[in-house]
1. I want to check the label-to-label distance for Leu59 and Ala40. Put each point 7 Å from Cα in the C-beta direction and report it in nm to one decimal.
2. Note the full-extension length gain between Lys107 and Trp19 as 0.36 nm times their separation in residues minus their Cα-Cα distance, in nm to one decimal.
3. Give me the orientation-averaged projected area of the Cα convex hull of the chain, in nm², one decimal.
4. Search the structure for amide H atoms under 5 Å from the amide H of Glu48, placed 1.01 Å from N in the peptide plane, and list their residues when 5 or more places away or on another chain.
5. Out of Arg36, Arg79, Arg68, any idea which swings most in a Gaussian network model of the chain, alpha carbons joined below 10 Å?
6. Can you say what percent of the DSSP beta bridges in the stretch 12-108, counting only those with both residues inside, are antiparallel? Round to 5.
Amino acid sequence: MLPDAAATLEISPGAVAEWVRLPAEQRPRLIDCRERDELAICRIEGNEWFPLGTFAEVLGPLTADSGRGVVVYCHHGMRSQRAAGFLRAHGVANAFSMSGGIDAWSKSIDPSVPRY
């Protein structure tokens, strides 16, 4: 379901789309690391919201149940790369960034998700 963590930090929106509608316990966690105003514009259903700036403060909840994997997304994929790197540095070996962020999701997976 997830790529080899030793080979990449990123996962494609297409790969995420294959499992995003599965029940939470059957798929990796999907974490939105954008800010509140961005979340108000659009989001991917089934996400958990932790703004990147709060990661150090909410490390416990972020790393809980990480055995099933974690995929982080943002607007274009830059913040989520930092977020996935942060999680890996704190013991979540199977943390990934969704390449291209929610903008790529809107373009290639679900055009009903507003772009901004």
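Values quoted throughout were computed directly from the atomic coordinates according to the rules given, and no laboratory measurement underlies them. The model shown is predicted, which means the values in this text are computed figures rather than measured ones. Ideal geometry is used to build each Cβ from the backbone, glycine not excepted, and the neighbour counts take in all protein chains shown.
1. So the label points at Leu59 and Ala40 sit 3.2 nm apart.
2. Working: separation 88, 0.36 × 88 = 31.68 nm, distance 1.81 nm.
Contour length minus Cα-Cα distance gives 29.9 nm.
3. Convex hull of Cα atoms, orientation-averaged projection: 6.4 nm².
4. Under 5 Å from the amide H of Glu48 lie the amide H atoms of Leu30, Ile31, Asp32, each far enough along the sequence or on another chain.
5. Between Arg36, Arg79, Arg68, it is Arg36 that shows the largest mean-square fluctuation.
6. On the way: 0 of 9 bridges.
The answer is about 0 percent antiparallel.
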